[in-house]
1. Just subtract the alpha-carbon distance of Glu375 and Asp205 from 0.36 nm times their residue separation and send over the number in nm, one decimal.
2. Tell me, in nm to one decimal, what length is gained between Asp141 and Glu9 on full extension, where the rule is 0.36 nm per residue of separation less the Cα-Cα distance?
3. Run the simple label-point estimate for Asp284 and Trp155 please: 7 Å along Cα→C-beta, distance reported in nm.
4. Once you charge only the Cβ atoms, +1 for Lys and Arg and -1 for Asp and Glu, what is the size of the charge dipole of the range 194-302 about its Cα centre, to the nearest 20 debye?
5. Show me 251-262, 404-415 ranked by packing, highest mean number of other Cβ atoms within 10 Å first.
6. Which of the peptides 163-170, 344-351 is most tightly packed, and how do the rest follow, judged by the mean count of other Cβ atoms within 10 Å per residue?
7. Any idea how far the Cα center of the range 175-246 sits from the one of the range 322-359, in Å?
8. Jot down the per residue volume, in cubic angstrom and as a whole number, of the convex hull over the alpha-carbon atoms of the range 1-159.
Amino acid sequence: MTDRPTITEAARETPVFKKTDVLVVGGGPAGTAASATAARMGADVTVIERYGHLGGMSTGGFVPYIEKMTDWRGRRVIAGFAEEILDRMPREHVLGPDPELWGSKDPKLNEYWRDRSNSHFGTITWSPTIDPEWLKIVSSDILRERGVKQLLHSWAVAPIMEGKTVKGAIFESKSGRQAILADVVIDASGDGDIFAMAGAPFEGDILGDDIHHKINVAFLLGGVDMQRFFDFRREHSDEFQAIMKAGHDTGLESDSVPHTMPRNDVALFMGPRLSGYSHIDVEDLTAVEIESRDRMQVVTEWYKDNMPGFEEAWIQTTAPQMGTRHSRRLMGVKKVLREDWTGGLVHDDEIGISTPPNPRNPNVSIPLGALMPREVEGIIAAGRDLSCDPATHSFLRLIPQCWLMGQAAAAAAVTSINQGVNVRDVNVTEVRNQLFSQGVVLHKQTGTEQGLTMEPGVDVPEGVARPGQEAAH
Ligand SMILES: Cc1cc2nc3c(=O)[nH]c(=O)nc-3n(C[C@H](O)[C@H](O)[C@H](O)COP(=O)(O)OP(=O)(O)OC[C@H]3O[C@@H](n4cnc5c(N)ncnc54)[C@H](O)[C@@H]3O)c2cc1C
């Protein structure tokens, strides 16, 4: 891009669409949680989303697996908005175990729930699979009920700056180019579009052996019988392995595997995953779309020809949103580092707790500082563009964690507006009290409204409290 010639655009008058307290850019998991939370706290909220629906990757990217919200002992550590939105989903569109099974190590139960993405490392977790269309509906309903101004089909293209302070954003849509002025902007674009353009430093390094850099266009096959597939895989394991090996020997990619959906007659494929492309490069995005469609046909034909349960499969639809795990990460006031959470560090500005990626590690404390730009004012990040190292990003980018961070960013934004201070200077204790009162699980800390004592490095349950519910579940 840099060596291309440039033109100078004419200066222009841009109409102000509205003035709002909190402007949320991006209506993915983080942006939806942020919008809902800020409105719940009484703010006037506007959300700008480039697609025609809310939910981001979790709906438009066909990522229906809401990862672990229970820890390895079966206690719910991610709640708050995450709990609220899932409770709003019709039960038949949420495939997951009932609470009494959370934490179970029963082999038979784990076998069943492993096929359905709710068992990891021999433990049943609360990691439901949801119907993306229903998540769109429920997300929009919540925002409508709370009076959030939703601007769909709207693309935020630039921050409005006053010196080093973000004062809103310019967006483009079929109605043209317009401005929204805001007291605080929450960048929930996943890619840090607004904080990057505002001049906040960011990074994008990855671990070579991680799937961070891979992007894909997910697709659904209809007309399948997933129960038959699962039964075959389990009861004829040798035959299944032989079929797969023959496939791999003739070029079927190892990530071309069917995943479960809430319905038995639909299978989700989240690959082939492509490497070497950038999610923030338009030519790369175009290339991945085109190549993925070629590869999807090959995968579909192979499954139809070879796999029990797939004889009648047909390409039902492809994801409207490119599946990307990673692009920009904020370089924030704090950076969550692997050695911090493996060592059990509890941050004094903790705004939530994440399940660790495996049972070897303690639960993970997420600091507010990971959402705060170091230099630019008036803006806070939320979601997968948080400040952390690549190893940490591999799980803090997950949907429940993005809900959690969106909720926290909104609590910080509205609290700072109420206090009349920059969002970076917000009173953290007040933010934590807000989150606690909204059902967010936090480690105990001195000086909170609840008067609890922090126990650094201690795993839950001793360190966890929720209103009316001492231990998480
Ligand atoms: C293939 C794949 C598999 C995954 N598997 C899992 C899994 O099993 N479980 C799990 O929990 N998570 C999984 N994830 C991760 C998870 O889906 C994402 O990290 C999460 O959705 C990020 O949420 P977010 O709100 O930060 O960003 P996004 O979901 O990316 O949402 C950002 C939103 O902002 C909008 N936007 C972006 N830029 C602009 C702009 N300039 N103007 C207006 N709108 C804009 C986008 O359209 C989008 O709706 C997976 C991701 C991928 C790609």
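The values are calculated or read from the model by the stated rules, or taken from the named source; none is laboratory data. Here the structure is a predicted model, which is why all the values come from computation and not from measurement. Glycine gets a Cβ as well: all are built from the backbone with ideal geometry, and neighbour counts include every protein chain shown. Quick note on the areas: whole protein, heavy atoms, side chains included, nothing else; ligands and nucleic acids left out. Shrake-Rupley method; radii C 1.70, N 1.55, O 1.52, S 1.80 Å.
1. Roughly 59.1 nm would be gained on extension.
2. Roughly 43.5 nm would be gained on extension.
3. Roughly 1.8 nm, to one decimal.
4. It comes to approximately 360 debye.
5. 404-415, 251-262
6. 344-351, 163-170
7. So the separation of the two Cα centres works out to 18 Å.
8. Enclosed volume per residue, from the Cα hull, is 155 Å³.
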